[in-house]
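Chemist: Have a look at this one before I ask anything.
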Amino acid sequence: MSEELSIEETVKKIASRILRKTDINFSPTTSFKDFNADSLDIVQILVAVEDTYDIELDDEELQNITNTAAFVEYIERKVAEKG
Amino acid sequence: MSLKGKVALITGGSRGIGRAITLKLADEGADVIINYFRKRSTAELTAQEAREKGVSSHIIKANVGEADKIDSMFDEIEEKFGRLDILVNNAASGVARSALELDTRGWDWTMDINAKAFLLCAQMAAKLMKNGGSMVSISSLGSRLIWPIYTAVGVSKSALEALTRYLAIELAPRGISVNGVAPGAVETEALKMYTASKDLPQQSWQKTPAGGMVQPEDVANVVAFLCSEEAAMIRGQIIVIDGGLSLTSVGVVSIASDEGDRSV
């Protein structure tokens, strides 16, 4: 999946599946709460992203991420760091 | 007490209470298998600490809330170790909501990880305990006391304790002991997150009759004992580890002092 889609598209697909929504768009002005995500949804999205890219997301770093665009940028950075 | 040469699986064994149990069992000579959910680096750190005690350690990533992940974990254990002597069912999670706010997703998530996982792990572990063994479930005083927004976890821990008793009797003829521990509030990161989520008061937990808060090592010491030969005649019991706090009537005293002296 990750080879065919961009990271943004892949994360969007994961979020859409977990949040059961088809109209998810990532931007600097939207947070997952705008899509009615609760804490369990967030955990499931994080786990799915970690498993997809075999990366480890840092909960403290995630605390500073306030919108969905920044979340995708963070994932992109983590994937790049993994190499 | 010695657990030398035993092979122990600790679910959620990389941090908090699980980490303390892992290191205590390693102290007693057991080779440890650390199951973790998300943080590989934390699991590797705990595994390294265990190895420094002269035992071998192995880490396995698995969400114990998913049956197929449990199957894969035990396949790996069978392949690498060929047997298991100790199962500590410690991994826990939960949705922090009141009963009226709980939805079925949060309920299922909590029950799957906290209660169903022990059933599935015990079934798989029993097959690998060919020469007997020990199982210990990590419950919580929230199974019998009422704490704010703890509904799902409290109910799941009640189920876990009942399952512990059923397994104890069913597995006794196979030389497998099954017991549980129910700690009060233990000083861990998980407790900080729970109390911070709703600004819950902490003062009532900070001083037990025994002095201070329960530490992860206090729990680990009891778990190690329950896994030892010395505890062979203890079956299906849930040992409360709370420094005596639940025997006091802190809540009643608090209400009485708020509303005046009603003694007769």
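The values are calculated or read from the model by the stated rules, or taken from the named source; none is laboratory data. Note that the coordinates shown come from a computational prediction; the quantities given were computed from them, not determined experimentally. Using ideal geometry, Cβ is built from the backbone for each residue, glycine included, and neighbour counts are taken over all protein chains shown. Protein only, heavy atoms only, side chains kept; ligands, DNA and RNA dropped before computing areas. Shrake-Rupley method; radii C 1.70, N 1.55, O 1.52, S 1.80 Å.
Chemist: Does the range B:8-22 include one or more residues that are touching a Lys or Arg at 6+ places or on another chain (Cβ under 8 Å) and surrounded by fewer than 19 Cβ atoms within 10 Å (Cβ to Cβ)?
Modeler: The answer is no; no qualifying residue exists.
Chemist: Also, I was wondering about something else. For the range A:24-34, check the following and say yes or no: at least one residue is open to solvent by 60 Å² or more (accessible area, probe 1.4 Å) and either of a type in the set (A, V, I, L, M, F, W, C) or within 12 Å of another protein chain (Cβ to nearest Cβ) (or both).
Modeler: So far as the range A:24-34 goes, no, none of its residues is open to solvent by 60 Å² or more (accessible area, probe 1.4 Å) and either of a type in the set (A, V, I, L, M, F, W, C) or within 12 Å of another protein chain (Cβ to nearest Cβ) (or both).
Chemist: A follow-up question, please. So which residues in the range B:27-64 are hydrophobic (A, V, I, L, M, F, W, C), within 14 Å of another protein chain (Cβ to nearest Cβ) and not in a loop (DSSP other than H, G, I, E, B), if there are any at all?
Modeler: Matches in the range B:27-64: B:Ala43, B:Leu45, B:Ile59.
Every residue, every condition in (1) surrounded by fewer than 23 Cβ atoms within 10 Å (Cβ to Cβ); (2) aliphatic (A, V, I, L, M), yes or no:
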residue: B:Arg105; (1), (2): yes, no
residue: B:Trp109; (1), (2): yes, no
residue: B:Asp112; (1), (2): yes, no
residue: B:Leu128; (1), (2): yes, yes
residue: B:Asn131; (1), (2): yes, no
residue: B:Ser137; (1), (2): no, no
residue: B:Ser143; (1), (2): yes, no
residue: B:Thr151; (1), (2): no, no
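Chemist: Same structure, new question: Give me the residue from the range B:52-61 that is surrounded by 16 or more Cβ atoms within 10 Å (Cβ to Cβ) and free of Cβ contacts under 8 Å to residues at least 40 places away in the same chain and, out of that set, farthest from B:Asn89 (Cα to Cα).
Modeler: Here the residue is B:Lys53.
Chemist: Could you list, in sequence order, the residues of the range A:46-70 that are touching a residue at least 12 places away in the same chain (Cβ under 8 Å) and more than 12 Å from chain B (Cβ to nearest Cβ)?
Modeler: Selection gives A:Thr52, A:Tyr53, A:Glu61, A:Thr66, A:Asn67, A:Thr68, A:Ala69, A:Ala70.
Chemist: Determine whether the range B:76-99 contains at least one residue that is more than 28 Å from B:Val240 (Cβ to Cβ) and crowded, with 16+ Cβ neighbours inside 10 Å.
Modeler: The first filter runs over the range B:76-99 and keeps only residues more than 28 Å from B:Val240 (Cβ to Cβ), leaving B:76-83.
From what's left, crowded, with 16+ Cβ neighbours inside 10 Å: B:77, B:81.
For the range B:76-99, residues more than 28 Å from B:Val240 (Cβ to Cβ) and crowded, with 16+ Cβ neighbours inside 10 Å: present.
Chemist: Which residue, of A:Ala37, A:Ala15, A:Ala70, A:Ala80, is among the aliphatic types (A, V, I, L, M) and open to solvent by 50 Å² or more (accessible area, probe 1.4 Å)?
Modeler: Answer to the selection: A:Ala80.
Chemist: Is it true that A:Glu73 is within 14 Å of chain B (Cβ to nearest Cβ) and over 23 Å from B:Trp109 (Cβ atoms)?
Modeler: So A:Glu73 does not fit the description; no.
Chemist: Any chance you could count how many residues in the range B:212-244 are open to solvent by 40 Å² or more (accessible area, probe 1.4 Å), assigned to a loop (DSSP other than H, G, I, E, B) and either more than 21 Å from B:Lys24 (Cα to Cα) or at pLDDT 95 or above (or both)?
Modeler: 4
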